[in-house]
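Visitor: Structure incoming, see below.
Each reported figure results from applying straightforward, stated rules to the coordinates on display, with no laboratory input. Remember, predicted model here, so these are calculated numbers, not experimental data. So basically every Cβ, Gly included, is an ideal-geometry build from the backbone, and we count neighbours across all protein chains shown.
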Amino acid sequence: MLNSISETTSEVSAAEYFRLSLAKLGELQLPTTPVNYALVYYYVSGEDIELNDQLDKMFANTANWSEQQASDLFSQYVCPIVGGESMVLEQELLLMVAQVLGMVIDLTGKSAVSSESLESHLEQLASSKKPENVLSIASSIIAETRLFVSETKKFESSLRQTTVEIEQLKDKLDHARKQAKVDSLTSLHNRRGFDAALKEAIETHKIGQHDFCLLILDIDYFKEVNDNHGHLVGDKVLIGIAKQLLNQMRGNDYLSRFGGEEFAILLFGTPLTSAFTVAEKLRRTVGLLRLKHTATGQKIGKVTISIGVACYRPNESGENLIQRCDQALYRAKSLGRDRSVIAD
């Protein structure tokens, strides 16, 4: 469930998210550890609905909050393991947060602003989304701390620099999270990305009853390509077909490499008959390809695909939808390949 303060990072500054995150930690009476801060930072930004759902459950009873649970959520949603980058990114994030917390504690200890005045300013900051308003409030705070202007200027300079660094680190984390859902060979969405998209499509269907269909495509006799020409050529075939499929996608279609030589496509706002038409168009388009080995010029020949087509049924699980579509694909294979079959 999204919090009312959840906005996109383009609308609210990182500094504002930082303030809101500390306020949320205080409200929940959670320790201000770097991992807790990172989780709450992403929570108030509202960028990951699935993470927010998990945190809402934990926020409901913070007495059971554990460092292990927080660490697991951090690893899964904030900094997923992508090659060897996870540990480096996590260390950078923890160091960054520790520096910011240290500056805030330092400023709080030296500030001449009364607690009542500071609370008033913070309340105004919470309700201010326009940069000019935030700057105005910040100016008022500076004006009330004239006796400590030197320390305040140092803090402002450090906070500005740290805010830039936080945004740069966030870009790294966003890139890592995206890479975790991208197939390294074809640059399409991978199975993890597909599973997340399917889950979101089912949740959307429950709310608005928006139809969507699933296509599962399999390259016919792909093992023979690998056996006759080698796996490097097989990889080139996968890349070529991925590009061909991608060129046929509409704006809201979701194409992914499902695994091995299989691809999966989510077609939104598409009834079953239209989905079958799309499948046949894709099948014919791929069938027109004539591939050859770029190094030797050896012809690979015609490559065909078989397709299973299924439309989502109300209250159906994602696993059942995939199973029905997979069974339709199996029938297409058993009927001679190079064809599309609608699921029962």
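Visitor: I want to check the label-to-label distance for residue 317 and residue 174. Put each point 7 Å from Cα in the C-beta direction and report it in nm to one decimal.
Guide: Going by the 7 Å Cα→Cβ label model, 3.6 nm.
Visitor: Another question, then. What nm distance separates the two modelled labels at residue 274 and residue 53, each placed 7 Å from Cα along Cα→Cβ?
Guide: Once both label points are built, they end up 2.6 nm from each other.
Visitor: Now for a separate question. In this model, which of 24/172; 223/333; 223/243; 199/333; 181/292; 236/299 are farther than 23 Å apart at the alpha-carbon? Mind dumping the intermediate values first?
Guide: Numbers: 24/172 25 Å; 223/333 14 Å; 223/243 20 Å; 199/333 28 Å; 181/292 30 Å; 236/299 13 Å.
With Cα atoms farther than 23 Å apart: 24/172; 199/333; 181/292.
Visitor: Additional query: For residue 64 and residue 192, calculate 0.36 nm times their separation in residues minus their Cα-Cα distance, and state this gained length in nm to one decimal. Before the final figure, lay out each step's value.
Guide: Working: separation 128, 0.36 × 128 = 46.08 nm, distance 2.94 nm.
Fully extending the segment from residue 64 to residue 192 adds 43.1 nm.
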